[in-house]
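The structure appears below as structure tokens.
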Amino acid sequence: MEAALLGCFMFVACVVAAAFEYPHSTLHLAIPDGGTRRAWVACAMGATAAALIYSPWGQRSGAHFNPAVTLVFWRLRKVGNGDAAGYAVAQFAGGAGGVALAKALLGADVMGHPSVHYAVTAPGPAGVGVAFAVEIAMAFALMATVLRISSSPRTNRYTGGVVAVLVAVFVEVAGPVSGMSLNPARSAASALCAGDFGALWIYFLAPPAGMLLAAELYVFGRGSGRVPCAKLHHENGQPCPFHCRYGATGPS
């Protein structure tokens, strides 16, 4: 399920990138302004994130589809060692599969065009240092929000919607600066198919660092016991595979 979730996300990311940025696509020709196209891309990726989180498989697996997210919940002892490793392997494999599927359907000429470039995440004109700092800041903000909202039985059902809004905002604001990754597996999938590994280290280090920092501050302020489950959205009727403090109707 985790492989399929990130695979779907990456497939949509590639298709959306091609639809809006490939010079000969209908949408690119119809929307000449790059800022407007980026806004549409941001909305599309936010909606995709929400759809996957609230999908039956997202509700079942916890909708991490990001090894940095899984790492945080492992640090909080909500995911076992073997499960965390399995999630990470599935996420990397699924992401690469999603990009490969987009390449197979759209063709290497479209996906490999410099304006699409397999939806690779890369630093903008401000440089590597700024991109690294922005990725850490976004990762910190995302995880701090997730831990706060998902840890309450009153609000955890809204986690997916809030994450979707953050993804859309980050794509719009930070896309030109850092490429907007937040996800090592997401960046690795595009880099693998494009053969472009130059800035990959940023996206392997910054998102986990930012999310772990948010988790450490949350534990310092509220304690790890306040995080009942590794699911982004627990109260959904789906079986829970984690070390979970929720019962049928709420925290036990």
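The table for this structure:
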| read-out | value |
| --- | --- |
| Enumeration of residues in region 173-196 that are surrounded by 19 or more Cβ atoms within 10 Å (Cβ to Cβ), within 20 Å of H113 (Cα to Cα) and of a type in the set (A, V, I, L, M, F, W, C) | M180, A188, A189, A191, C193 |
| Verdict on A194 being at pLDDT below 80, of a type in the set (A, V, I, L, M) and more than 15 Å from the chain's Cα centre (by Cα) | no |
| Some residue of region 77-88 being in contact with a helix residue (DSSP H, G or I) (Cβ under 7 Å, 6 or more places away or on another chain), surrounded by 22 or more Cβ atoms within 10 Å (Cβ to Cβ) and modelled with pLDDT under 95 | yes |
| Entirely in region 134-252, the helices (runs of 4 or more DSSP H) that have 1 or more residues that are acidic (D, E) | 159-178, 200-222 |
| Selection count, region 64-113, where residues are under 22 Å from V15 (Cα atoms), without any contact (Cβ under 8 Å) to a residue 40 or more places away in the chain and either among the polar types (S, T, N, Q) or part of a loop (DSSP other than H, G, I, E, B) (or both) | 1 |
| Looking only at region 138-157, and only at residues there that are touching a residue at least 60 places away in the same chain (Cβ under 8 Å) and not aliphatic (A, V, I, L, M), the one that is surrounded by the most Cβ atoms within 10 Å (Cβ to Cβ) | S150 |
| Unmet criterion (only one of (1) among the β-branched types (V, I, T); (2) over 19 Å from M180 (Cα atoms); (3) surrounded by 21 or more Cβ atoms within 10 Å (Cβ to Cβ)) for V69 | (2) |
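The values are calculated or read from the model by the stated rules, or taken from the named source; none is laboratory data. No experiment lies behind these values; they were computed from the predicted model shown. Cβ sites come from the backbone with ideal geometry, for glycine too, and all protein chains shown count toward neighbours.
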